[in-house]
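Asker: Below you will find the structure I want to go over with you.
The values are calculated or read from the model by the stated rules, or taken from the named source; none is laboratory data. The model shown is predicted, which means the values in this text are computed figures rather than measured ones. Note: ideal-geometry Cβ built from the backbone for every residue, glycine included; neighbour counts use all protein chains shown.
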Amino acid sequence: MKRLILALLILAPIAAMAQEINAQDTTLFVNGRKMTIKERDGKIKVKLYEGMSRGDTIENAQVFEGVYMNGQSTERRMGLSIPFTKKKNRGRFEPHYAGLYLGYSSLADGLSLKNAKGIDLVASKSWEIGLNLFQGSLVLSPDQQWGLVSGLGYAYNSFRIDGNKAFQKVGEITALVDAPQGITYSRSRLRYNSFRIPLLLEWQQRIGNRGPLFFSLGGEAEIRCWIRSKIKSDGNEKTLDKSLNIHPVGINLLAQAGFDDFGVYLRYSTFDLFEKGKGPDLHPVTFGLVWYW
């Protein structure tokens, strides 16, 4: 069900764009299953098919149909397994990386998280959203308890700066700069996006026929992009600076623990956020919750 919801969320913008072009039919194949999208007179119809064996042949049997028009929708299922539902094999290793990550972010100076380098963050409004869509694993033990996990993830980090200050490039150096005289920042943020590729060692153990209980530890290569220092003043929001000497590549340490489809995580960047000598020595740290699919 979770993957079905994800698929429909992905299809929503496609449906919106389809209303602005000529009516057309689209056929997609996902994990060997067929999906058709038809648009006629503002009505979007989505059908999902699953392969079924009939004697010596394999036929596509319809398992889901959804109709979307004018903000309303009708859906029906045909009694077979939903293609995007996670199929669990209780006797096999199940990797934990793909999922939705929600956590609080901070900037650390070594082991110090509070007021590092004189930078005061609003902790409750500094956060990370991660969406990891792909994962794979290599089982290392016959008992299916140990494995290597990798994948591909995307993250959005936002740090809320307190104290009427904002990150800005002064000459060749990025610094936390006071607002101009007479100006008050009602909001100041440092934001960046990143793509991540992990390599994790995971241990897991089933409890009866439930679970698994799991722990994983490893590293992530991170590519940082779309950096912004943004402020809001007098009701107007604007980008203050984009050239902030952010280190374009990072290496994170990632620790995860959980049970079945839910877990907690801690991520620490071993690389400075800013290039050496071109900004304060700070390391992003994030901890939060994960919903795996």
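Asker: Can you tell me which of Leu200, Leu289, Leu282 is of a type outside the set (Val, Ile, Thr), at pLDDT 95 or above and out of contact with any Pro (no Cβ under 9 Å at 6 or more places or on another chain)?
Answerer: Leu289
Asker: Still on this structure, please answer the following. Please indicate, with yes or no, whether at least one residue in region 237-245 is free of Cβ contacts under 8 Å to residues at least 40 places away in the same chain, loosely packed, with under 11 Cβ neighbours inside 10 Å and basic (Lys, Arg).
Answerer: Yes.
Asker: While we're here: Got a number for residues in region 250-293 being farther than 30 Å from Glu94 by Cβ and assigned to a strand (DSSP E or B)?
Answerer: Filtering region 250-293 for residues farther than 30 Å from Glu94 by Cβ gives 271-283.
With assigned to a strand (DSSP E or B) added as a condition, the list becomes 274, 283.
Total satisfying the criteria: 2.
Asker: Okay, next question. Could you tell me how many of the residues in region 260-277 are surrounded by fewer than 16 Cβ atoms within 10 Å (Cβ to Cβ) and either more than 22 Å from Glu220 (Cα to Cα) or β-branched (Val, Ile, Thr) (or both)?
Answerer: Residues in region 260-277 being surrounded by fewer than 16 Cβ atoms within 10 Å (Cβ to Cβ) and either more than 22 Å from Glu220 (Cα to Cα) or β-branched (Val, Ile, Thr) (or both): 3 in total.
Asker: Go through (1) buried (at least 16 other Cβ atoms within 10 Å of the Cβ); (2) aliphatic (A, V, I, L, M); (3) out of contact with any helix residue (DSSP H, G or I) (no Cβ under 7 Å at 6 or more places or on another chain) for Leu213 and report which single condition fails.
Answerer: (1)
Asker: For region 186-197, indicate whether the set of residues that are of a type in the set (Val, Ile, Thr) and under 24 Å from Asp162 (Cα atoms) is non-empty.
Answerer: Within region 186-197, not a single residue is of a type in the set (Val, Ile, Thr) and under 24 Å from Asp162 (Cα atoms).
Asker: Then there's this: Collect the residues in region 194-208 that are surrounded by 12 or more Cβ atoms within 10 Å (Cβ to Cβ) and either among the hydroxyl-bearing types (Ser, Thr, Tyr) or free of Cβ contacts under 8 Å to residues at least 40 places away in the same chain (or both), keeping them in residue-number order.
Answerer: Ser194
Asker: Looking at this structure, is Leu253 without any contact (Cβ under 8 Å) to a residue 24 or more places away in the chain and within 26 Å of Ala98 (Cβ to Cβ)?
Answerer: In short, no.
Asker: A follow-up question, please. So how many residues does region 203-227 have that are at pLDDT 95 or above and basic (Lys, Arg)?
Answerer: Counting residues in region 203-227 that are at pLDDT 95 or above and basic (Lys, Arg) gives 1.
Asker: Do we have any residue at all in region 176-193 that's surrounded by 15 or more Cβ atoms within 10 Å (Cβ to Cβ) and in contact (Cβ under 8 Å) with a residue 60 or more places away in the chain?
Answerer: Yes.
Asker: Criterion first (closer than 24 Å to Leu131 by Cβ and surrounded by 15 or more Cβ atoms within 10 Å (Cβ to Cβ)) does Tyr292 satisfy it?
Answerer: Yes.
Asker: Being closer than 19 Å to Thr270 by Cα, in a strand (DSSP E or B) and without any contact (Cβ under 8 Å) to a residue 40 or more places away in the chain, is that true of even one residue in region 145-160?
Answerer: yes
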